[in-house]
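The structure under discussion is supplied below as structure tokens; questions concerning it will follow.
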Amino acid sequence: MNPVVNVPPTMSTLDRFLFSFFNPDIAGRYWKAIAEGFVTTTWLGVTVIITGLVVGLALAVARAQHVKPLNFCIIVFADVFRALPPLVIIIILFFAFPYIEMAMSAFTATWLSLSLVLAAFAEEIFWAGILAVPKGQWEAARSTGMSRLETLQHVVLPQAVRMTVPPLTNRVMAITKGTALGSVVALHEILNVSSSASSESGNATPLLVGACAYLILFIPFVWFGRWIETRFAWKR
Amino acid sequence: METLLTVFFNVEIMKKVWPFLLQGLGMTVVLSLVVIPLGLAGGLGIAILSSLQRRWLNRVLIVYVDFFRAFPPLVLLIFIYFGFPFLQIDLPKFAAVALGFFLNTSSYFGEIFRAGFESIPRGQLEAARSTGLTRWQALVSVVIPQATRNVLPDLISNTLEVIKLTSLASVVALPELLNNARQAQALTYNATPVVLAALMYLLLLWPIVRLLSRLEHKSIALH
């Protein structure tokens with residue numbers, strides 16, 4: 001499935017390049033669709049981050065209750081969704097679940113699979129943070145009469161979450177970039193819109209516009225990650 | 001329950017598609033064996049160059065690393081695969097995939113190795129140099145081994161991500177595991193091949209996930 005290259009044959013090399021990659025007509029024709037894709041990508045990313053972090057934190061808190069059968073289930077969940085490639089999960093949800101009458105939209109399939117993956121990683125990171133709080137703090141808080149949950153809420157979690165900020169930031173960013181995988185199930189996010197615009201017009205300009213949209217979205221994220229890393233660095 | 005078995009875990013279909021999926025798994029392994037060493041080498045190169053502490057060079061490296069960490073890997077892959085024909089460069093499928101993954105992977109490995117290098121006190125390099133080792137010898141026999149050990153969990157974690165990344169090659173129809181599973185699914189009108197592929201990924205990657213959990217908890221216990 002090689003793309004159709006639509007370039008007038010008489011052009012010089014530089015003109016061909018400019019015509020194919022920096023074509024204002026084509027950019028003008030498609031920028032609106034790509035902007036809509038930008039909104040979808042952003043919305044998908046935000047919902048994934050919220051769902052993944054909330055579920056991940058809830059699982060870590062549940063794990064801190066030390067109920068054996070429950071912990072076993074949490075560990076299996078975290079292992080499975082850390083091991084499976086997100087694209088495989090999206091494809092199972094979108095293409096395989098309809099066979100058992102559980103069809104879902106492209107958005108739901110992408111949101112659900114990325115949220116599950118983020119929840120699995122976040123659970124492991126939060127759990128590592130909880131373990132890193134010295135045992136004496138637990139005992140001291142309990143001896144003041146706090147319940148297990150109160151101890152977790154007021155003493156352990158505030159310290160644990162602080163430690164988990166840098167690894168969590170990296171993970172959140174890596175998984176949010178997975179929103180591009182939605183294009184495989186024809187979700188109209190940035191990549192899907194710009195690559196179909198590119199093959200429709202036989203021109204690479206929409207791809208370049210799409211790439212710029214991703215830079216606008218994720219470069220601040222990368223910089224934020226760098227800043228966080230210097231601020232909160234894990235002590236090695 | 002019965003439909004679940006016939007549609008998701010159909011033994012007949014498993015037997016039929018098994019060899020085809022194994023072929024795909026072979027390609028997944030080959031792709032990983034090409035992309036991981038390339039990415040590691042690229043990342044180590046970035047870290048070594050940035051340890052030279054040349055101001056302009058560091059700027060270039062940071063731009064490279066930030067730029068390619070900002071792009072989703074699938075975007076890089078599609079851009080290379082669909083964009084290069086416009087430059088009249090005909091890149092074979094495998095090369096396009098390897099190049100796209102290299103740009104992404106080398107930046108991640110670069111950041112990890114750089115953090116590793118920074119974890120080694122400068123005095124060590126100076127001490128090594130004062131015993132008469134060249135800069136290069138000091139780097140290879142003093143800094144790199146310790147740095148690698150310090151960031152080993154991150155290196156393994158990223159390696160896991162790279163193996164998972166190879167599933168994206170299915171988008172450009174490179175015949176790896178996920179691609180073959182989807183083809184088999186389309187031919188059999190049955191979800192079993194994709195489920196089987198997921199189980200194969202799980203079998204392949206679960207030991208790495210376990211190892212990681214152990215290493216991470218160990219490194220926290222040391223604090």
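Using a simple spin-label model with points 7 Å from Cα along the Cα→Cβ vector, what separation in nm is obtained for residue A:39 and residue A:139?
5.8
Where nothing but the Cβ of Lys and Arg (+1) and of Asp and Glu (-1) is charged, how large is the charge dipole of region B:2-221 around its Cα centre, in debye to the nearest 20?
540
Of the accessible area of region B:2-221, with the probe set at 1.4 angstrom, what percent is carbon plus sulfur?
Carbon plus sulfur share of accessible area: 68 percent.
Which residue, B:23, B:137, B:185, has the most motion in a Gaussian network model of chain B that connects Cα atoms within less than 10 Å?
With Cα springs under 10 Å in chain B, the top fluctuation among B:23, B:137, B:185 is at B:137.
Please average, across the residues of B:199-211, the number of beta carbons from any other chain that are within 10 Å of each residue's own beta carbon, and give a whole number.
Counting Cβ atoms of other protein chains within 10 Å of each residue's Cβ and averaging gives 3.
Oh, and also: Keeping every protein chain in place, order A:195, A:12 by accessible area at 1.4 Å, biggest value first, i.e. largest first.
A:12, A:195
Which part of region A:167-194 falls in the paramagnetic zone of residue A:105, meaning amide N under 20 Å from the point 7 Å along Cα-to-beta-carbon?
A:178-194, by backbone N distance to the label point.
Give, in whole angstrom and from largest to smallest, the semi-axes √(5λ) of the equivalent ellipsoid of region A:28-232, with λ running over the eigenvalues of the Cα gyration tensor.
Listed largest to smallest, the semi-axes of region A:28-232 are 38, 21, 11 Å.
Something else about it: With the other protein chains left in place, how much accessible area per residue, in square angstrom, belongs to the protein assembly as shown at a 1.4 angstrom probe?
Per residue, the protein assembly as shown has 47 Å² of solvent-accessible surface.
Then there is this: Which value, in debye to the nearest 20, describes the size of the charge dipole of the protein assembly as shown about its Cα centre when Lys and Arg Cβ atoms bear +1, Asp and Glu Cβ atoms bear -1, and nothing else is charged?
It works out to roughly 1380 debye.
Under DSSP H, which helices of chain B have Cα atoms covering 24 Å or more of the helix axis and a Kyte-Doolittle average no less than -0.5?
Counting only whole DSSP H runs, the qualifying helices are B:11-51, B:93-118, B:192-221.
Might you report the magnitude of the Cβ-based charge dipole of region B:9-113 about its Cα centre, with Lys and Arg at +1 and Asp and Glu at -1, to the nearest 20 debye?
It comes to approximately 140 debye.
Taking 0.36 nm per residue of sequence separation and subtracting the Cα-Cα distance, how much length would be gained by fully extending the chain between residue B:211 and residue B:119, in nm to one decimal?
Gain in length upon complete extension: 30.8 nm.
So for the pair residue A:66, residue A:228, with labels modelled 7 Å out along Cα→Cβ, what separation do we get in nm?
3.1
Here's something else I'd like to know. Could you compute how much accessible area chains A and B hide from each other, both sides summed, with a 1.4 Å probe? Nearest 100 Å² is fine.
5100
Label point 7 Å out from residue A:11 along Cα-to-Cβ: which residues of region B:86-113 have amide N under 15 Å?
B:86-89
For region B:58-133, just list the percent of Cα-Cα distances falling in each 10 Å bin from zero outward, please.
Going from the shortest bin to the longest, the percentages are 17, 32, 25, 13, 11, 1.
With the dipole of chain A worked out from charges on the C-beta (+1 for Lys and Arg, -1 for Asp and Glu) around the Cα centre, which of A:50, A:7, A:28 lies farthest toward the positive end?
Selected residue: A:50.
Over the protein assembly as shown, how many pairs of lysines fall under 28 Å by alpha carbon, counting only those 8 or more apart in sequence or from different chains?
Close lysine pairs found across the protein assembly as shown: 14.
On each of the three principal axes of the Cα atoms of chain B, give max minus min coordinate, whole Å, ordered largest first.
71, 51, 26
In addition: Given the C-alpha atoms of region A:1-95, compute the convex hull and give its volume per residue in Å³.
In region A:1-95, the Cα hull volume divided by residue count equals 165 Å³.
How large is the helix-only mean residue ellipticity at 222 nm for the protein assembly as shown, computed as the sum of -39500 (n - 2.57) over DSSP H runs with n ≥ 4, divided by its residue count, in deg cm²/dmol to the nearest 500?
-25500 deg cm²/dmol
Among rounded, prolate and oblate, which fits the protein assembly as shown when a ≥ b ≥ c are the square roots of the eigenvalues of its C-alpha gyration tensor, a/c under 1.5 means rounded, and a/b larger than b/c means prolate?
Cα axes put the protein assembly as shown in the oblate bin.
How large a share of the accessible area of region A:28-232, in percent, is made up of carbon and sulfur atoms when the probe is 1.4 Å and the other protein chains stay in place?
71
The values are calculated or read from the model by the stated rules, or taken from the named source; none is laboratory data. Just so you know, these numbers come straight off a predicted model, no measurement behind them. No Cβ is skipped: glycine too gets one built from the backbone with ideal geometry, and neighbour counts run over all protein chains shown. With ligands, DNA and RNA removed, areas are computed over all heavy atoms of the protein, side chains included. Shrake-Rupley method; radii C 1.70, N 1.55, O 1.52, S 1.80 Å.
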